[in-house]
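What follows is one structure encoded as structure tokens, with my remarks underneath.
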Amino acid sequence: MLVTIRNALDQTRLVDENRTLKRAVEARHQMIGESVSLRQIWDSIKRAAPTTATVLLLGESGAGKELVARAIHRNSLRSRERFIQVNCAAIPEELIESELFGHEKGSFTGATEKQIGKFEQADKGTIFLDEVGDMSPKTQAKVLRVLQEGEVERLGSARTIKVDVRVIAATNKDLEAEIEKGNFREDLYFRLSVIPITVPPLRERREDVPLLIRHFAELFSREHNRRPHRFTPAALEYMQKARWKGNVRELKNSVERLLIMTPGDTVDVDDLRDAVRLEARAPGPDNDRNPGTLREFKESAERAFLVGKLRENGWNISKTAEVIGTPRSNLYKKLEQYGITQETDG
């Protein structure tokens, strides 16, 4: 009887620990915000999640593509199965095939044990191929076969293995430009982009910054066993004006650093000077100096044209890019080149 009671208590403890860990994981991968652009992302997630269609997530590094991928999985019919994440840019080219498809013992030098690949591990679940634009052409061909045939072949094996995997891919590259350069397969692009979703950078949803800050502050306060910090209204306004080139990831790291390094329980503007920097205004067409060369005149005119179109379209990057007939990635490069921001040019 004592053994039975002890086993029952252990089982209850394990269930409670599992629930606690699951809630902690969900909190770390929660999408926070109430902006129009984030609501549009949620609409796309709700439409895409119940299907088995492949999804291609586009957006800058740190914008939250992984969070969108996890949200799709959580809201899908595969939510009880595994979510396997693979960072294609972090795995050396000579190892990525083995990582994705597995290998048999002795199939190559160093293969001392059989390895099950990520696609097999994700069977019945979801695989998230992050930075898919960094895959080699050889690996791209094998991934295409998985998508077309639903089967994988381990290195060193002649036997094919059927897999049922939902594929979500993500990239911060312009894949259409990579196709033109010959770096990415067009047929794989069409297979991956059945449902394309563009994840906006943080500067396009600045109204979400205070909500994100409060969320990260609560999250890190629990993790570091510290009392929750309060950000003053002035500090929140200052952080809303920051460039956040690293997007949500940079904001998250900055909040963690501020919670650890700021004395007291309140974060004010003076505490932000070194941790958060505003972007200085770049010289534009209103500069006192007149263009002295043809190139300077062209750049000045192009900057003025872009600022005018952005104002007309409410600083919506996607809409502006469509109106002026250029890819979003090219427009972002121009904004970076000329130092155009809504704060300085709005």
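Residues to consider are 53, 63; find the one that is touching a Pro at 6+ places or on another chain (Cβ under 8 Å), under 23 Å from residue 174 (Cα atoms) and part of a loop (DSSP other than H, G, I, E, B). Write out each step before concluding.
Details: 53 fails: touching a Pro at 6+ places or on another chain (Cβ under 8 Å).
So the residue among 53, 63 that is touching a Pro at 6+ places or on another chain (Cβ under 8 Å), under 23 Å from residue 174 (Cα atoms) and part of a loop (DSSP other than H, G, I, E, B) is 63.
Could you grab me the full set of residues in the range 222-252 that are in contact with a strand residue (DSSP E or B) (Cβ under 6 Å, 6 or more places away or on another chain) and not hydrophobic (A, V, I, L, M, F, W, C)?
229, 230
Can you tell me how many residues within the range 205-238 are in contact with a Pro (Cβ under 8 Å, 6 or more places away or on another chain) and open to solvent by 90 Å² or more (accessible area, probe 1.4 Å)?
1
Looking at the range 210-223, which of the residues that are touching a helix residue (DSSP H, G or I) at 6+ places or on another chain (Cβ under 7 Å) and not aromatic (Phe, Trp, Tyr) is modelled with the lowest pLDDT?
Looking only at the range 210-223, we keep the residues that are touching a helix residue (DSSP H, G or I) at 6+ places or on another chain (Cβ under 7 Å), and these are 210, 212-213, 216-217, 219-221.
From the residues that got through so far, the ones that are not aromatic (Phe, Trp, Tyr) too are 210, 212-213, 217, 219, 221.
On the way: 210: 95, 212: 96, 213: 95, 217: 93, 219: 92, 221: 89.
Within the range 210-223, the match that is modelled with the lowest pLDDT is 221.
Within the range 319-346, which residues are open to solvent by 50 Å² or more (accessible area, probe 1.4 Å), under 22 Å from residue 241 (Cβ atoms) and among the polar types (S, T, N, Q)?
337, 342
Any residue in the range 58-87 that's at positive phi: show its pairings with residues that are open to solvent by less than 10 Å² (accessible area, probe 1.4 Å) and among the polar types (S, T, N, Q) at Cβ separation under 7 Å, as long as the two are six or more apart or on different chains.
Final answer for the pair search is 62/247.
Mind checking which pairs have a first residue in the range 39-52 that is at negative phi and without any contact (Cβ under 8 Å) to a residue 40 or more places away in the chain and a second that is part of a helix (DSSP H, G or I) and acidic (Asp, Glu), Cβ under 7 Å, 6 or more apart or different chains?
Close Cβ pairs satisfying both conditions: none exist.
What is the residue count in the range 126-146 for residues that are out of contact with any His (no Cβ under 9 Å at 6 or more places or on another chain), polar (S, T, N, Q) and open to solvent by less than 10 Å² (accessible area, probe 1.4 Å)?
The total comes to 2.
Quick one: what pairs do we get from the range 263-277, first residue within 10 Å of residue 238 (Cβ to Cβ), second open to solvent by 30 Å² or more (accessible area, probe 1.4 Å), C-beta under 6 Å, 6+ apart or different chains?
269/234; 269/238; 272/238
Here is a check on your reading of the model: is residue 170 hydrophobic (A, V, I, L, M, F, W, C) and in a helix (DSSP H, G or I)?
Spelling it out, it is not the case that residue 170 is hydrophobic (A, V, I, L, M, F, W, C) and in a helix (DSSP H, G or I).
Which of the residues spanning the range 154-210 are farther than 30 Å from residue 36 by Cβ and among the aliphatic types (A, V, I, L, M)?
Hits for the range 154-210 are 155, 158, 161, 163, 165, 179, 188.
Mind listing whichever residues of the range 147-160 are in contact with an Asp or Glu (Cβ under 6 Å, 6 or more places away or on another chain) and open to solvent by less than 40 Å² (accessible area, probe 1.4 Å)?
Once the filter is applied, which keeps residues that are in contact with an Asp or Glu (Cβ under 6 Å, 6 or more places away or on another chain) and open to solvent by less than 40 Å² (accessible area, probe 1.4 Å), the range 147-160 yields 154, 157.
Tell me, please, whether a residue that is at pLDDT 95 or above, part of a helix (DSSP H, G or I) and of a type in the set (Lys, Arg) can be found in the range 191-209.
yes
Would you pick out the residues in the range 69-78 that are in a helix (DSSP H, G or I) and either open to solvent by 40 Å² or more (accessible area, probe 1.4 Å) or within 12 Å of residue 130 (Cα to Cα) (or both)? Give the steps one after another, and end with the answer.
Here is the first cut: in the range 69-78, the ones in a helix (DSSP H, G or I) are 69-74.
Those that are in a helix (DSSP H, G or I) and either open to solvent by 40 Å² or more (accessible area, probe 1.4 Å) or within 12 Å of residue 130 (Cα to Cα) (or both): 69, 70, 74.
Would you be able to say whether some residue in the range 114-125 is part of a loop (DSSP other than H, G, I, E, B) and buried (at least 22 other Cβ atoms within 10 Å of the Cβ)?
Yes, there is a match, as at least one residue in the range 114-125 is part of a loop (DSSP other than H, G, I, E, B) and buried (at least 22 other Cβ atoms within 10 Å of the Cβ).
For the range 224-237, how many residues are of a type in the set (S, T, N, Q) and at pLDDT 90 or above?
1
What tally of residues in the range 239-254 results from selecting those that are open to solvent by less than 80 Å² (accessible area, probe 1.4 Å) and assigned to a loop (DSSP other than H, G, I, E, B)?
So the answer is 4.
From (1) more than 21 Å from the chain's Cα centre (by Cα); (2) open to solvent by 30 Å² or more (accessible area, probe 1.4 Å); (3) closer than 25 Å to residue 78 by Cα, pick out the condition that doesn't hold for residue 105.
Exception for residue 105: condition (3).
Restricting to the range 305-318, name every residue that is without any contact (Cβ under 8 Å) to a residue 40 or more places away in the chain and either open to solvent by 50 Å² or more (accessible area, probe 1.4 Å) or of a type in the set (Lys, Arg) (or both).
Residues satisfying the conditions are 305, 309, 311, 312, 314.
Could you grab me the full set of residues in the range 47-66 that are within 30 Å of residue 220 (Cβ to Cβ) and surrounded by fewer than 18 Cβ atoms within 10 Å (Cβ to Cβ)?
Once the filter is applied, which keeps residues that are within 30 Å of residue 220 (Cβ to Cβ) and surrounded by fewer than 18 Cβ atoms within 10 Å (Cβ to Cβ), the range 47-66 yields only 61.
The values are calculated or read from the model by the stated rules, or taken from the named source; none is laboratory data. It should be emphasised that the depicted structure is a prediction, and the values quoted were computed from it without experimental measurement. No Cβ is skipped: glycine too gets one built from the backbone with ideal geometry, and neighbour counts run over all protein chains shown. Ligands, DNA and RNA are excluded from the accessible area calculation, which covers all protein heavy atoms including side chains. Shrake-Rupley method; radii C 1.70, N 1.55, O 1.52, S 1.80 Å.
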